[in-house]
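These notes are about the structure you will find just below.
The values are calculated or read from the model by the stated rules, or taken from the named source; none is laboratory data. This is a predicted model, so every value here is computed, not measured. Heads up, the Cβs are rebuilt from the backbone with ideal geometry, glycines too, and the neighbour counts pull from every protein chain shown. For the accessible areas, the whole protein counts, side chains as well, though only heavy atoms, and no ligand, DNA or RNA atoms are used. Shrake-Rupley method; radii C 1.70, N 1.55, O 1.52, S 1.80 Å.
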Amino acid sequence: MVKKAAVINDLSGFGKCSLTASIAVLSVMGIQPCPVPTAILTNQTGYENYYSCDFSKHMHNYTDIWKQNDVSFDGIYSGYVSSAQQTDIISDFISTFKKSYTQVLVDPVMADDGKIYSAYNSTTCKKMCELIKKADIITPNLTELCIISGQDYGELVKKSDDKNYLEIIANLAKKTVSEICPSVIVTGIKKDSFIYNGVFTANENFFVKSKQYGDSFSGTGDIFASVICGCILNGINIKTAVNIAAEFLEKAILDTIKTDYDKNDGVNFEKYLYTLANKGGRHEQ
Ligand code: PXL
């Protein structure tokens, strides 16, 4: 049986993020992605111009009709929301479909590099911080961890040269683990030309270190979370999952920076998707 993941995210025509990333990654890893669009956009919101068509009023139908059709999911993975109200719809979706075996991954997409996304406001962020309480695992970037834990991002990154910088971040994440969500993976922590991803659970606390190349690219958080989702559903442990996600992104980023690029266009991940096919892809088992 192919495992199924409901993927609640937007569909952006350009930016190689959200559903375009998740559908490709999960499929190659042998998981059936079942998309629930939150919005349909011409392109992600980091470009100068974008048009976004909010899908909120249709999202209830997914919950209602899929309930009538008695579908079930091994995973539920949510990302970008285009209104604060959508967090309630996602919360209802999780309550309706979460079974004992369903893994819920909420990527609390809100912000990056210290700035909240242009379609978000403080209410959206407050509601997202409520939604993560329903997750088994969350994958905030450093800015999002700051929002979740009430830490000023600017003040935190001022300490990035300090010896105990990672320890300060670990403490924020551990507080989140004990108070909000059992597994927290903090992505994209920049220090001394390296990128760290931190894993925090009741029994594990560690950072995975990778080389930092180029900019912050569109969609890398979504690709990272999608690989983690695929790995978890394929029974791969969290440490291996983070290494697989980091290595995959490294290949895509290295390829992207070989030529002129616009960070809004995302990374060249397509030609490396095949490297994920033997990472717990169903054909292997
Ligand atoms: O990758 C995060 C993301 C997802 N979806 C949309 C976005 C962004 C970040 O800007 O604009 C539409």
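Can you give the local net charge around residue 74? Use residues other than it whose beta-carbon is closer than 10 angstrom to its beta-carbon, Lys and Arg +1, Asp and Glu -1.
Neighbourhood net charge equals +3.
Could you work out the helix-only [θ] at 222 nm for the chain, with each DSSP H run of four or more residues adding -39,500 (n - 2.57) and the total divided by the number of residues, to the nearest 500 deg cm²/dmol?
-11500 deg cm²/dmol
Shape verdict for the stretch 83-163, please, from the Cα gyration tensor: rounded (a/c under 1.5), prolate (a/b greater than b/c) or oblate.
It is oblate, given that a/c is not under 1.5 and a/b is not larger than b/c.
Tell me which trypsin sites (Lys or Arg not before Pro) from the stretch 186-285 have a DSSP coil assignment and no more than 14 other beta carbons within 10 Å of their own.
258
Counting other Cβ atoms within 10 Å, keep those with at most 16, restrict to DSSP loop, and tell me which chymotrypsin sites (Phe, Trp or Tyr not before Pro) in the stretch 193-262 are left.
Counting only loop positions with at most 16 other Cβ atoms within 10 Å, the chymotrypsin sites (Phe, Trp or Tyr not before Pro) in the stretch 193-262 are 213.
Size of the dipole of the stretch 98-137 about the Cα centre, Lys and Arg at +1 and Asp and Glu at -1 on the beta carbon, nothing else charged, in debye to 20?
280 debye
Tell me, what is the per residue accessible area of the chain in Å², probe radius 1.4 Å?
With the other protein chains kept in place, the chain gives 45 Å² per residue.
If I compute solvent accessible area with a 1.4 Å probe over the protein chains, what percent of it on the chain is carbon and sulfur?
Carbon and sulfur: 50 percent of the exposed surface of the chain.
I'd like to verify something in the chain: which complete DSSP H helices, judged by Cα projection on the helix axis, reach 24 Å or more and average at least 0.0 on the Kyte-Doolittle scale?
238-256
Counting only GluC sites (Glu not before Pro) that sit in a DSSP loop (anything but H, G, I, E, B) with at most 13 other Cβ atoms within 10 Å, what is the longest stretch of the chain containing none of them?
After excluding every exposed loop site, the longest remaining stretch is 49-203.
Going through the stretch 62-116, which chymotrypsin sites (Phe, Trp or Tyr not before Pro) have at most 12 other Cβ atoms within 10 Å and a DSSP loop state?
101
What distance in nm lies between label points placed 7 Å from Cα along the C-beta direction at residue 100 and residue 57?
Reported label-point gap for residue 100 and residue 57 is 4.2 nm.
If amide H atoms are built 1.01 Å from N in the plane of the peptide, which residues on other chains or at least 5 residues away come under 5 Å of the amide H of residue 236?
none
Please find the FRET efficiency linking residue 273 to residue 85, where r is the Cβ-Cβ separation and R0 is fixed at 35 Å, and quote it to the nearest 0.05.
0.55
First check a/c for the stretch 166-285, with a ≥ b ≥ c the square roots of the eigenvalues of its C-alpha gyration tensor; if it is under 1.5, answer rounded, and if not, answer prolate when a/b is larger than b/c or oblate otherwise.
oblate
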